Amino acid sequence: MGRDEEELNAEIEFVAAAEDALQADAEALAAAEEGLLAEAEIVAEAEAALLHDAADPLISDAQLLDEAIAVGAMEDQLLEDALLVAAAEELVLEEAAAVAAAEEVLADEIARDALRQARADAESDAG
C-alpha cells in the first residue's frame, strides 16, 4: 500500500468517525429535545394547577404565592433548558457542516486518486 493510499484510508476513517460522532450528537440532541418537551408539559400542568388553585377559595393567598413562585422557577428552568438545547442544536449544525466539508474534501481526494490511478494505468498500457 502506497503512502497516498494510506493517507486516503486514514482520511476515510477520520470522516467515518466524524459521521459516527455527528450521529451520536444528533441522537443526544433529539433526546434533549424530547426531555425539553416533557419538561414543558410538566410546567403547563403546574400552570394549570395554579390557575385551578387560584379559583379555590380554600387556598390561601400565601399558598398561592408559594405555588406561583414555584411555577415561576419551573418556567425559568424551562427557559434555561431551552436555551441550552438551542445552543446544542447550533453546535450540531456546525458539526454537520464540518462533516459535510470533510466529506467533500474526501470525495475530491478520491477523485484525484482515481484520476492518478487511471493515468498510471494508461501509461503502463502505453509503455
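Computed from the coordinates by the stated procedures, all read-outs in this text should not be read as laboratory data. None of the values given here were measured: they were computed from a predicted structure. Note that we place each Cβ from the backbone using ideal geometry, even for glycine, and neighbour counts take in every protein chain shown.
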Go through segment 47-62 residue by residue and turn each phi into a ³J(HN,Hα) via Karplus (6.51, -1.76, 1.60, θ = phi - 60°); whole Hz please, and just put x for glycine and proline. 5, 5, 5, 4, 4, 5, 5, 5, 7, 8, x, 7, 8, 6, 4, 5
Over the Cα atoms of segment 30-97 the radius of gyration and the largest Cα-Cα distance (Dmax), both in Å, equal 16.3, 58
Once phi for every residue in segment 87-103 is put through the Karplus expression 6.51 cos²θ - 1.76 cosθ + 1.60 (θ = phi - 60°), the whole-Hz ³J(HN,Hα) values, with Gly and Pro written as x, are 5, 5, 4, 4, 5, 5, 5, 5, 5, 4, 5, 5, 5, 4, 5, 5, 5
So how do D125, D53 line up by other beta-carbon neighbours within 10 Å, fewest first? D125, D53
What Kirkwood radius, in Å to one decimal, follows from the Cα pairs of segment 58-123? 16.9 Å
Among A46, M74, V15 the positive-end extreme of the charge dipole of segment 3-118 (Cβ point charges): V15
For semi-axes √(5λ) of the Cα gyration tensor in Å, pick the label among (1) 61, 9, 9; (2) 26, 19, 14; (3) 40, 21, 10 that corresponds to the value derived from the coordinates. (1)
